[in-house]
Amino acid sequence: MKEIIEQCETTEDALRYYEKIGLLSAVQRKANGHRIYSPADKERLLLIQCLKKANMSLEEMRPFVALHQSREEAMQPKTEQLLRSYQERIKQQQEHLQQIWDMIEHKLNSGENLAFKPASN
């Protein structure tokens, strides 16, 4: 468990929760009860982590994780539409972050004071 926690940058509690709510399949266990994570479990967890970074809720992840688990060749139109929606959301986030980056870069290059100054009335 420690290995997968480090590799996938997650917590023990998160792993147990994902298993409890069905995002991760029930994993195999050793005779002593310790969980054994397969390469497929690791791949699924990395997908979950990626979708989390896209600000997708755990409930919204279900169709993607299910699709990933089933290894279906054809994506359902509803799933494709949802993925495209998240892709657009991420694109907008990138644009906003680029604007922030550009403003900070301008401040740093111009030597302007970085402190926020409220407008005086």
note = Scanning segment 4-21 for residues that are exposed (fewer than 12 other Cβ atoms within 10 Å of the Cβ) and without any contact (Cβ under 8 Å) to a residue 12 or more places away in the chain gives E6, T11, D13, K20
remark   = Given the conditions (1) modelled with pLDDT of 90 or more; (2) in contact with an Asp or Glu (Cβ under 8 Å, 6 or more places away or on another chain), every one holds for Q98 apart from (2)
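Do we find that L82 is surrounded by 12 or more Cβ atoms within 10 Å (Cβ to Cβ) and assigned to a loop (DSSP other than H, G, I, E, B) in this structure? Step through it out loud before you land on a result.
Values: surrounded by 12 or more Cβ atoms within 10 Å (Cβ to Cβ): yes; assigned to a loop (DSSP other than H, G, I, E, B): no.
For L82, the condition - surrounded by 12 or more Cβ atoms within 10 Å (Cβ to Cβ) and assigned to a loop (DSSP other than H, G, I, E, B) - is not met.
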query = What residue, among those in segment 22-50 that are within 15 Å of the chain's Cα centre (by Cα) and under 16 Å from K2 (Cβ atoms), is least open to solvent (accessible area, probe 1.4 Å)?
reply = L45
query = Is it the case that segment 51-69 has a residue that's of a type in the set (V, I, T), in a helix (DSSP H, G or I) and surrounded by fewer than 17 Cβ atoms within 10 Å (Cβ to Cβ)?
reply = no
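The values are calculated or read from the model by the stated rules, or taken from the named source; none is laboratory data. Values in this document were obtained by computation on a predicted structure and should not be read as measured data. Cβ coordinates were reconstructed from backbone atoms using ideal geometry, including for glycine residues, and neighbour counts include every protein chain displayed. The area values use the complete protein model at the heavy-atom level, side chains included, leaving out ligands, DNA and RNA. Shrake-Rupley method; radii C 1.70, N 1.55, O 1.52, S 1.80 Å.
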